[in-house]
1. With the structure loaded, tell me whether residue 307 is modelled with pLDDT of 95 or more and assigned to a loop (DSSP other than H, G, I, E, B) or whether it fails that test.
2. Any idea which residue in region 173-188 is least open to solvent (accessible area, probe 1.4 Å), counting only those that are of a type in the set (Asp, Glu) and part of a strand (DSSP E or B)?
3. If you take the residues of region 282-329 that are open to solvent by 40 Å² or more (accessible area, probe 1.4 Å) and among the charged types (D, E, K, R), which of them is farthest from the chain's Cα centre (by Cα)?
4. So for region 257-268 (the condition being surrounded by fewer than 19 Cβ atoms within 10 Å (Cβ to Cβ), assigned to a strand (DSSP E or B) and of a type outside the set (S, T, N, Q)), does at least one residue qualify?
5. Is region 91-105 home to any residue that is assigned to a strand (DSSP E or B) and more than 20 Å from residue 291 (Cα to Cα)?
6. For residues that are free of Cβ contacts under 8 Å to residues at least 40 places away in the same chain and assigned to a loop (DSSP other than H, G, I, E, B), scanning just region 136-161, find the one that is nearest to residue 115 (Cα to Cα).
7. Can you tell me which residues in region 95-115 are open to solvent by 10 Å² or more (accessible area, probe 1.4 Å) and among the β-branched types (Val, Ile, Thr)?
Amino acid sequence: MKRLLSLLLILLFLPLSGAFCFAEDEEIPATELYVGKMRLSAKVFSDWDGTTGINHITSIPKGVWVKIYALNPTFAYVSYPQGNISGYVKRVCIEQMRTVDSLTTPPYGVDFNHYIASIGAESAAITTEPGGGDTLITLYKGAKVSFIGFEDGYAKLIYHRRYGYINSNLLADVDRVYYDTEYAGIDAPIASYTSFYKITTDESNRNRMHNIAVACRKLCELPLPAGSNLNFNRDIGPYRASEGYLQAGALVDGELTQGYGGGTCQVSSTLYNVVLQLPGLTVLQRRAHGDNGASYLPIGVDAAVGNSALNFRFRNDYPFPIRIDASSQDGALTIAIYRAE
């Protein structure tokens, strides 16, 4: 009863929590959050939905620095003061992003997920619009999913480089994520994120899904006391048959190759998106999968692993231990970090 009452209060008072990735109808902040350099000359659009070019208003040249005010999974709202230009450009066109004030703004690309749940119905479709649109993927009973908040009775999440929606009536075991760790209590979630992977049945992708599951199991078994480091290659690897990994496709510098452990980069990248949400975890090493990043995540928030140059490492600077819960089912890879004491 107490759990149900808490959920009802969440739904009533926090219909949608946006954080630093913005919905299309949210007000753009008055001051810049980040600065970045134009990696490519970019078309500037008048709204978030400018991909067709209909709303193309001007262009920003390559090599100039811009101010970044807001993000969604695909676009950034920027201004180029020297050219008296402001509008929406694709995130892939920007590089060398820096936070203007790290004391008040989280790292570039962070998207706070405020809830984690499981699918309680026999099946639940993720659609492109609340209550309609195209079906992006269907999850089945027991699959875990992390999401941003609620909109019109639907749970809102990031699916690849767009938003997706699940009917909240189809969810079970909805837990609030406690970013203020003082109120988290013992074994409470303090950050979470879901990315989505292909569920095709060709051999390479079957092996990739197997490798994702192996990496998730290893993460769940990993203790992280206060002051400890997670070294993904060391702790989740080595990526070889003797560790249970199979050969599958892996993205290296934007090129698809075959290798043992293909798919583990999606686990490290999803974990990176969880870590980004927690100021008490310090990233020690991280590199993207080339300029375009990994397609299963928004631009700028992936973390490649596989060798000494490609690794994801972070340190637990909280005064308490943490644990990681990771699961994969039906194309949903969900990772949450819990206060473990």
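The values are calculated or read from the model by the stated rules, or taken from the named source; none is laboratory data. Quick caveat: nothing in here was measured; it's all calculated off a predicted structure. Cβ placement follows ideal geometry from the backbone for every residue including glycine, while neighbour counts extend to all protein chains displayed. All accessible areas refer to the heavy atoms of the entire protein, side chains included, with ligands and DNA or RNA removed. Shrake-Rupley method; radii C 1.70, N 1.55, O 1.52, S 1.80 Å.
1. No: the conditions fail for residue 307.
2. Applying the filter and picking the extreme gives 175.
3. Looking at residues that are open to solvent by 40 Å² or more (accessible area, probe 1.4 Å) and among the charged types (D, E, K, R), I get 317.
4. yes
5. No, region 91-105 contains no residue that is assigned to a strand (DSSP E or B) and more than 20 Å from residue 291 (Cα to Cα).
6. Among them, the one singled out is 153.
7. Matches in region 95-115: 99, 100, 104, 105.
Each row is one residue, and each column tells you yes or no for (1) on the phi > 0 side of the Ramachandran plot; (2) touching a Pro at 6+ places or on another chain (Cβ under 9 Å); (3) in contact (Cβ under 8 Å) with a residue 60 or more places away in the chain; (4) of a type outside the set (Ser, Thr, Tyr).
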residue	(1), (2), (3), (4)
131	yes, no, no, yes
171	no, no, no, yes
197	no, no, yes, no
201	no, no, no, no
